[in-house]
Amino acid sequence: MQSSASGLTGQFLIAMPTMLDPRFAHTVVYMCTYNNTGAMGLIVNRLYSAIDARALFDQLNITPTEATPPLRIHYGGPVETGRGFILHSNDYQQDTTMKIDSDISLTATLDILQAIAEGRGPAQAMLALGYAGWGAGQLDMEMQAGGWLTAPGDSALLFDHEIETKWERTIQKLGFSPGLLSTEMGHA
């Protein structure tokens, strides 16, 4: 059943303060797909501090140039943490690119990393290792249990570099302060 979470593709999922799973506490997830078989998204407010993009390029035999923009590596989620995903602006497309909405696409091939290294990639890009995934109906149950809020996707917020405040700012998009969210679970 999708009634509570219909239309999540291209939206932000915001972990409630009551989120007990430490992998998702205070996270913002950009939803890439949501359908009757499950859901997939990327955490957009956690960085891998121990992994440097230049070192990753070296490992992949990609040579950065002077035109290579700075690229930080995000923790995209606990599933397939060795696999890379690039959320990016729609000015870059290839055959394997999945268009998420009118502004954002997802590409998961080495070609896009090569294009970024050469300075011919998308104007905006975010590299994530791993993803957040849910089986059919799992995310609906978590939302019904009060684990997540949703907010409209916003490319400016998605691609900005203010990681430390992204959770709070995403909640503020809903029109209230994060301090108003209860840290205790309950039902009316």
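The values are calculated or read from the model by the stated rules, or taken from the named source; none is laboratory data. Because the structure is predicted, anything quoted here is derived from the model rather than measured. When we count neighbours, we look across all protein chains shown, and the Cβ atoms used for this are built from the backbone with ideal geometry, even at glycine.
Observations, loosely collected:
- Residue count for region 69-82, restricted to those that are surrounded by fewer than 16 Cβ atoms within 10 Å (Cβ to Cβ) and either at positive phi or touching a Ser or Thr at 6+ places or on another chain (Cβ under 9 Å) (or both): 1
- Subset of region 6-56 (residues that are aromatic (Phe, Trp, Tyr) and within 23 Å of Lys173 (Cα to Cα)): Phe12, Phe24, Tyr30, Tyr34
- Output for region 24-40, where each listed residue is over 16 Å from Glu164 (Cα atoms) and exposed (fewer than 15 other Cβ atoms within 10 Å of the Cβ): Asn35, Asn36, Thr37, Gly38
- Look at (1) within 21 Å of Asn35 (Cα to Cα); (2) touching a residue at least 60 places away in the same chain (Cβ under 8 Å) and you find that Gly76 fails only one, number (2).
- Qualifying residue in region 67-80 (condition: at pLDDT 95 or above, within 16 Å of the chain's Cα centre (by Cα) and of a type in the set (A, V, I, L, M, F, W, C)): yes
- Tallying residues that are touching a helix residue (DSSP H, G or I) at 6+ places or on another chain (Cβ under 7 Å) and either part of a loop (DSSP other than H, G, I, E, B) or of a type in the set (Phe, Trp, Tyr) (or both) within region 47-67 yields 6.
- Within region 41-67, considering residues that are small (Gly, Ala, Ser) and farther than 19 Å from Ala15 by Cβ, the one surrounded by the most Cβ atoms within 10 Å (Cβ to Cβ): Ala53
- For region 160-176, taking the residues that are among the β-branched types (Val, Ile, Thr) and in contact with a helix residue (DSSP H, G or I) (Cβ under 7 Å, 6 or more places away or on another chain), the one that is surrounded by the most Cβ atoms within 10 Å (Cβ to Cβ) is identified as Thr170.
- Inter-residue pairs, beta-carbon under 9 Å, first more than 17 Å from Gly119 (Cβ to Cβ) and in region 49-64, second aromatic (Phe, Trp, Tyr) and surrounded by 11 or more Cβ atoms within 10 Å (Cβ to Cβ), 6+ apart: none
- Strands (runs of 3 or more DSSP E) (entirely within region 83-156) containing at least 2 residues that are touching a residue at least 60 places away in the same chain (Cβ under 8 Å), surrounded by fewer than 20 Cβ atoms within 10 Å (Cβ to Cβ) and touching a strand residue (DSSP E or B) at 6+ places or on another chain (Cβ under 8 Å): 125-135, 148-152
- Checking each residue in region 21-55 for being modelled with pLDDT under 85 and not polar (S, T, N, Q) picks out Ala50, Ile51, Asp52, Ala53, Arg54, Ala55.
- Filter result for Leu157 (out of contact with any helix residue (DSSP H, G or I) (no Cβ under 6 Å at 6 or more places or on another chain), more than 30 Å from Asp58 (Cβ to Cβ), at pLDDT below 90 and not basic (Lys, Arg)): no
- Comparison of Thr68, Thr18, Thr97, Thr107 shows that the only residue that is more than 17 Å from Gln124 (Cα to Cα) and among the polar types (S, T, N, Q) is Thr18.
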